[in-house]
Amino acid sequence: MTRPAVSAEGVSKRFGATVALDGVDFDVTFGEIHAVVGENGAGKSTLIRILGGVHRPDRGVVRLDGEECHFASPHDAIAAGIVTIPQDLRLVPALSIAENIALGDLPVRRFGPFAIIDRARMRAEAREVLAQLDFDPDPRASVASLGFAERQLVAIAKALRRRCRVFILDEPTAALEKREIARLFSVLARMKRQGTAVIYISHRLDEVVAIADRCTVLRDGRVAALAHRGAFAVNDLVGAMIGRLAQEAVTAALPASEPLLEAQPDAAATVREVVGLAGLLGSGADRMIRGLFGAGGEPTTVTARGDRRRLASPADAIAVGIGMVPGERALGLIMNQSVRDNILLPNLDALKRIGWLDRDAGDRLVAEVMELVDIRPRRPELKASALSGGNQQKVILAKWLARRVAVLLLDEPTQGIDVAAKVQIHALIRDVVARGGGALIHSSDLGELARLCDRVLAVRQGRIAATLDRPASLDESTLNNAIGG
Amino acid sequence: MPLISLIVLCAATALLTNRFLSPFNLTNILVQSSIMAVIAMGMTFVIVGGGFDLSVGSTAALSGCIASMVMLEAGIAAGVAAGISAGAAVGLANGLVIAFLNVNPFITTLGTMVLVRGVVFLITGGAPVSGESGLPGEFIAFGSERFLGIHYLVWVPAVLLAVLSFVLHATPYGRRVYATGGGREAAYLAGVPVRRVIASTYVWCGALAGVAGVMLAARLQSGQPTAGEFYELTAIAAVVLGGASLQGGEGTLYKSVIGVFIMIVLGNALNLLNVDSYWQRVAVGAVIIAAAAAERLRSHRSQ
């Protein structure tokens, strides 16, 4: 069983100013688990979206079982037997397990021109396909009643019923516990024995080493390495993922002095310190960040430089000297306005001259700060929506830097950004801190936190569960150990 | 783009009928446009902020009638002040409900439109307000005389355009209105007090509808309870024709005024060409749909 099920040859794709993939060759054979790894922005999502029919490649060819194919939509890909199981599963919680499994292809009984859903057959088919996964729930139960791990099995069952031969799994274990991961792995082993091809995207390199027959490492939109089972370990993958940038400068640990901002015990951003908030999916760390900014729905009480302040809105937080880079870029920018307008928005009062805005002062401030964060292209009148993701993120940072905030809160600051911009953003954060400010970062990329932070707080269920000082390396197991299980 | 459309429209009409370019007709167009322009400027504030106001016609009628009633008792100045304040009050009511109670602007202002019209009929008994011997002479003069060769009524939007453009483009408040319309959540996270900003745009709109109502009363020489019908649709059409996006965050006062001219010239052209007045409604409605559709296509292409 070594013929390629799906292959991509010389595939390239760009989105506006960003080159997502550049001449990528990739293939997976029937009965193989082929993992794809890479940093955020390396091109993994784009590759699987092309294979799954969401995007069309600008150059290059996708082959299914040797034949060239052109998918006009995910529907075409599924019809051809390639299914993507995304992180959010795309099930309908309000419907039953059987209905979800049958969705898109409901079994019917026909009475002339009328068709009625054949519920008995629907349930029987559901039971049959779930049995292949060693899972035996009542098919009439609603999906909403299932936990994430079981919903994932339903999503896989749905694809198996359509006789899909190629499965693309996007970060399947991000929200699973150890026991559930083991179950998923045995399911995958079964599918492998039955000749299914599995493409497995993951950040969890130790899992990849355990389960993958082959592993492709993407970096900056190109294939950096292709390794076979037994011939690679986690360090090799990391090295290939980061390449030349492996030696990022590590912040010298300056003694932490007076706290700039304190909320809950231990959630303090102190002078000259970068504090990380690490939490698994659903840990509530992003809500904590919003809360510290006064955007958490209820007012938060914080102590800023010794004064107790009540933050009921972002305006309150900004007045105290806090800035926030939100988790979604669309929340950090007014997309249909210019870079200049975006940068000046929280700085308008500083530019007021007896009621009107000082245009020249504004232009100077914008130019200065655009230079500092290196926004490309260097055109302040350009609409924010026209910039690449990395540059948009730099604009968001720029507007706070223009205000010289004391504390910078960041939620997933480098998600979905190319590696070059990521390095720049890390440097800018360290700059803020070196000048006497503090930063509090939430990131699901534990490697990023390890490289950037002086202290990492582990968050679980909205509370700080543990503190780790100067983590030299940080991964899921260290985090889990710190949290306690 | 809107200016070119206007020029083309004028040229076409001038070619089709020689009555278009007569001084009498042009004056007519200017005066009619003046009142609508004031309303459209208020509507621009609301639309740029991401909202929508259907109640401006009723508000204008309310202001005209209240101004007339107060004027007959307490003098022109008091009357004008009362009229504009009434408009601002309606705007404030709209603004509070929409911004703080989070009711949909369409529904809210639809309700206000009907409610205020009812109030107008209640306080006037359904009859025009002009007292036994008519409204004060100077007020009526304001509605028909000129200053430096230009009608007083035309000076009003001209001055307002200058002042309000300054407010909308050169003050922090104006930038915050654009930001709120362009991305409410993002503006909130940048420290803009979005609810206050949204409510304030409705106050501007109501107050300006009040000004328009007073102007209309001067022109009609009485407060008319039936005044202002369909003004809101013409105003919205004008703002959209002027290039504002109904999503918010885009549009300028100057271009909205051009949009007003386009609507008024269109109506005037159809009149001069003896087109049935019912057909005119069809035309206005069609222009509204076409303008909104063109705006959607433009915003799609620029993405």
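The values are calculated or read from the model by the stated rules, or taken from the named source; none is laboratory data. Everything numeric in this text was worked out from a predicted model, so none of it was measured. Because the Cβ atoms are built from the backbone with ideal geometry, glycine has one as well, and the counts that use them run over all protein chains shown.
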**OP:** Give me the pairs, please: first residue somewhere in region B:73-85 and touching a residue at least 60 places away in the same chain (Cβ under 8 Å), second residue anywhere and of a type in the set (Phe, Trp, Tyr), beta-carbon distance under 9 Å, and either six or more positions apart or on two chains.
**Re:** B:Ile76/B:Phe139; B:Ile76/B:Phe142; B:Gly79/B:Phe139; B:Val80/B:Phe139
Original post:
Given region A:281-334, what strands (runs of 3 or more DSSP E) lie entirely inside it while holding 3 or more residues that are away from every other protein chain (no Cβ under 11 Å) and over 28 Å from the mean Cα position of the chain (by Cα)?
Top reply: A:300-304, A:307-311
Original post:
Out of all the residues in region B:263-285, is one or more under 19 Å from the mean Cα position of the chain (by Cα), of a type in the set (Gly, Ala, Ser) and modelled with pLDDT of 85 or more?
Top reply: yes
Original post:
Taking B:Val119, is it within 14 Å of chain A (Cβ to nearest Cβ), out of contact with any strand residue (DSSP E or B) (no Cβ under 7 Å at 6 or more places or on another chain) and either assigned to a strand (DSSP E or B) or at pLDDT 95 or above (or both)?
Top reply: no
Original post:
Mind checking whether some residue in region A:42-50 is assigned to a loop (DSSP other than H, G, I, E, B) and in contact with a strand residue (DSSP E or B) (Cβ under 7 Å, 6 or more places away or on another chain)?
Top reply: yes
**OP:** Go through (1) under 19 Å from B:Phe45 (Cβ atoms); (2) without any contact (Cβ under 8 Å) to a residue 60 or more places away in the chain; (3) in a loop (DSSP other than H, G, I, E, B) one by one and return the number of the condition B:Gly249 breaks.
**Re:** (2)
**OP:** Give the residues of region A:383-415 that are outside any helix (DSSP H, G or I) and either within 14 Å of chain B (Cβ to nearest Cβ) or within 14 Å of A:Leu365 (Cα to Cα) (or both), sorted by residue number.
**Re:** A:Lys383, A:Leu387, A:Arg403, A:Arg404, A:Val405, A:Leu408, A:Leu409, A:Leu410, A:Asp411
Original post:
Do you know which residues across region B:263-282 are out of contact with any Gly (no Cβ under 8 Å at 6 or more places or on another chain) and closer than 23 Å to B:Ile39 by Cα?
Top reply: B:Met263, B:Ile264, B:Val265, B:Leu266, B:Gly267, B:Asn268, B:Ala269, B:Leu270, B:Asn271, B:Ser277, B:Arg281, B:Val282
**OP:** Check B:Leu233 against each of (1) within 14 Å of chain A (Cβ to nearest Cβ); (2) crowded, with 17+ Cβ neighbours inside 10 Å; (3) in a helix (DSSP H, G or I) and name the one condition it does not meet.
**Re:** (1)
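Does B:Gly228 fit the bill of being modelled with pLDDT of 90 or more, buried (at least 23 other Cβ atoms within 10 Å of the Cβ) and either within 30 Å of A:Ile322 (Cβ to Cβ) or of a type in the set (Gly, Ala, Ser) (or both)?
no
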Original post:
Which one of these is surrounded by fewer than 16 Cβ atoms within 10 Å (Cβ to Cβ) and not hydrophobic (A, V, I, L, M, F, W, C): A:Gly104, A:Gly81?
Top reply: A:Gly104
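Could you count how many residues in region B:29-52 are more than 10 Å from the chain's Cα centre (by Cα) and under 23 Å from B:Gln247 (Cβ atoms)?
Selection size over region B:29-52: 8.
Can you pull out every residue in region A:343-358 that is more than 8 Å from every other protein chain (Cβ to nearest Cβ) and touching a helix residue (DSSP H, G or I) at 6+ places or on another chain (Cβ under 7 Å)?
Matches in region A:343-358: A:Ile343, A:Asn347, A:Asp358.
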Subject >> Any hit, region B:167-188, residues being under 14 Å from B:Thr59 (Cα atoms), in contact with a helix residue (DSSP H, G or I) (Cβ under 9 Å, 6 or more places away or on another chain) and not hydrophobic (A, V, I, L, M, F, W, C) >> reply: no
**OP:** Kindly list the number of the only condition in (1) at negative phi; (2) at pLDDT below 90 that fails for A:Arg90.
**Re:** (1)
Subject >> Meets criteria (assigned to a helix (DSSP H, G or I) and closer than 19 Å to A:Gly104 by Cα) for A:Leu184 >> reply: no
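Across region A:187-199, what is the number of residues that are more than 23 Å from the chain's Cα centre (by Cα), surrounded by 15 or more Cβ atoms within 10 Å (Cβ to Cβ) and not in a helix (DSSP H, G or I)?
Just the residues of region A:187-199 that are more than 23 Å from the chain's Cα centre (by Cα), to begin with: A:187-197.
Those left that are additionally surrounded by 15 or more Cβ atoms within 10 Å (Cβ to Cβ): A:187-188, A:191-192, A:196-197.
Applying the additional criterion that residues be not in a helix (DSSP H, G or I) yields A:196-197.
Residues flagged as more than 23 Å from the chain's Cα centre (by Cα), surrounded by 15 or more Cβ atoms within 10 Å (Cβ to Cβ) and not in a helix (DSSP H, G or I) within region A:187-199 amount to 2.
Restricting to region B:185-230, and then to whatever is part of a helix (DSSP H, G or I), within 14 Å of another protein chain (Cβ to nearest Cβ) and small (Gly, Ala, Ser), can you tell me which residue is farthest from B:Ala82 (Cα to Cα)?
Once the filter is applied, the top-ranked residue is B:Ala186.
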**OP:** Of the numbered conditions (1) within 12 Å of the chain's Cα centre (by Cα); (2) not in a loop (DSSP other than H, G, I, E, B), B:Lys255 fails exactly one; give the number of that condition.
**Re:** (1)
